[in-house]
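See structure below.
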Amino acid sequence: MPDVEALTGDPQTLEPAIQGVWVIQSAISAAVLGIIAAVIFSVVSPGGAWVGAVVFVVTAALGIVFSLLKYRIWMYQVRDDSLYLKRGVLTRVNTVAPYVRIQHVDTRRGPVERAFGLATTVVYTAGSRGADVSIPGLTPERADDLQTRLKHLAIAAEGDDAV
């Protein structure tokens with residue numbers, strides 16, 4: 001039986017590089033919206049393609065600000081009985097995932113995350129509505145460590161058949 005206290009810890013923040021991932025993701029979205037706006041306004045009004053550039057600039061600027069604010073708020077903590085997450089810019093979300101509800105834990109690394117040297121830990125819990133929790137912006141080592149610690153805590157909470 002693992003020592004539960006040794007597996008828990010203080011509140012943790014994400015790696016600063018996650019801001020770059022979020023900025024790139026928002027820039028891609030801004031580019032798509034800008035192209036759509038440019039096409040629509042070119043059809044509706046000849047010479048209206050400049051609207052697409054404005055949409056891109058405004059959306060990209062909002063995405064950058066949103067990414068910086070999101071990073072400042074995001075935190076997680078491995079507690080004695082549950083995983084706690086705090087996140088959200090416009091709508092604050094506090095999530096408590098009891099270890100007894102954890103079904104399995106994945107670590108994933110998308111192409112943009114790999115480029116920034118980051119990974120995401122995904123915790124799947126028993127439940128009926130979107131019962132998974134993602135913790136982005138971790139180094140691969142931190143993500144693997146978190147995955148292992150959550151596995152041991154779920155086993156300790158439920159017994160040997162937990163994860």
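The values are calculated or read from the model by the stated rules, or taken from the named source; none is laboratory data. Not measured: the values here are computed from a predicted model. For neighbour counting, all protein chains shown are included, and Cβ atoms are generated from backbone atoms with ideal geometry for every residue, glycine included. Quick note on the areas: whole protein, heavy atoms, side chains included, nothing else; ligands and nucleic acids left out. Shrake-Rupley method; radii C 1.70, N 1.55, O 1.52, S 1.80 Å.
Using a probe radius of 1.4 angstrom, the carbon and sulfur fraction of the accessible surface of the chain is 59%.
Work out which helices of the chain, taken as complete DSSP H runs, extend at least 24 Å along their axis over the Cα atoms and score a mean Kyte-Doolittle of 1.0 or more, then list them. For the chain, where a helix must reach 24 Å along its axis and average at least 1.0, the hits are 18-44, 50-73. Modelled spin-label separation between Ala115 and Val93, with each label point placed 7 Å from Cα along the Cα-to-Cβ direction: 2.5 nm. Classified by the C-alpha gyration tensor, segment 42-163 has a prolate form. Its axis ratio a/c, with a ≥ b ≥ c, is 1.5 or above, and a/b is larger than b/c.
Cβ-Cβ distance of Ile64 and Ala6, R₀ of 41 Å, FRET efficiency by 1/(1 + (r/R0)^6): the value works out to about 0.55. Can you give the FRET efficiency for Asp106 and Val32, using 1/(1 + (r/R0)^6), R0 = 22 Å, r = Cβ-Cβ distance, to the nearest 0.05? Rounded to the nearest 0.05, the efficiency is 0.20. Normalised by the number of residues in the chain, the mean separation of alpha-carbon contacts (under 8 Å, six or more apart) gives a relative contact order of 23 percent. Summing Lys and Arg as +1 and Asp and Glu as -1 over all other residues whose Cβ lies under 14 Å from the Cβ of Lys86 gives a net charge of +4. The mean sequence distance of close C-alpha pairs (under 8 Å, at least 6 residues apart), as a share of the length of segment 36-107, puts its relative contact order at 17 percent.
Using the 1.4 Å probe convention, the accessible area of segment 6-114 works out to 59 Å² per residue with neighbouring protein chains retained.
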